[in-house]
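What follows is a single structure, written as structure tokens, with notes after it.
The values are calculated or read from the model by the stated rules, or taken from the named source; none is laboratory data. Predicted model, so just to flag it, every value in this text is computed and none were measured. Every residue, glycine as well, gets a Cβ built from its backbone with ideal geometry; the counts of neighbours run over all protein chains shown.
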Amino acid sequence: MIIAPLTGVDIGVAAKAVHALLAVVLDTKGITLAEWVALRTLGTAPDRVSQPSLRDGLVLALGVDATEATAVLCSLEERGLLAYDTYEQIGLTAAGRIQYDELQAAVVAVTAELYAGIDASELATTRRVLATVTARAAELRSQL
């Protein structure tokens, strides 16, 4: 029996399926993927985050421009989920913390269900393989 190699299509299909699942979870709270990335960044940061740093992180993570990333932050601010201090540092408001905590709990629960029954060593191997593929792709891209 010939086993075909893992391809970018395989990885892409899995990534799209997981993103679609995440979108359903986020939609229950009226949060977009871009907003979730910002909330998660703030929710996991040990302290407040500078606005330029957060904006630039969104640009890199989401492949959007600075104007779109700023619009995401403005939307979250208008909804009372994040606030700036006098030094342009951003943090979650109390409502933002509740929103983040609820969504994070939902993501953890659906992730546990998604990976249930898959052997831990297989997951560890998958993580190593994907990290290697990612690093090699970056290296090859830099050579082209």
- Of Thr93, Thr126, which residue is under 19 Å from His19 (Cα atoms) and without any contact (Cβ under 8 Å) to a residue 60 or more places away in the chain? Thr126
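Would you say Glu88 is at positive phi, surrounded by 10 or more Cβ atoms within 10 Å (Cβ to Cβ) and out of contact with any Gly (no Cβ under 9 Å at 6 or more places or on another chain)?
So Glu88 passes the test.
Does region 2-14 contain any residue that is in contact with an Asp or Glu (Cβ under 7 Å, 6 or more places away or on another chain), assigned to a helix (DSSP H, G or I) and surrounded by 12 or more Cβ atoms within 10 Å (Cβ to Cβ)? Please lay out each step first, then the result.
Taking region 2-14 as the starting set, the residues that turn out to be in contact with an Asp or Glu (Cβ under 7 Å, 6 or more places away or on another chain) are none.
No, region 2-14 has no match at all.
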- Message: Can you find, within region 39-60, the residue that is surrounded by the most Cβ atoms within 10 Å (Cβ to Cβ) among those that are within 17 Å of Gln99 (Cβ to Cβ) and of a type in the set (Ser, Thr, Tyr)?
- Response: Thr41
- Task: Would you check if there is a residue in region 61-77 being in contact with an Asp or Glu (Cβ under 8 Å, 6 or more places away or on another chain), surrounded by fewer than 13 Cβ atoms within 10 Å (Cβ to Cβ) and more than 30 Å from Leu123 (Cβ to Cβ)?
- Result: yes
- Message: Could you tell me how many of the residues in region 116-144 are surrounded by 13 or more Cβ atoms within 10 Å (Cβ to Cβ) and either β-branched (Val, Ile, Thr) or at pLDDT 95 or above (or both)?
- Response: 2
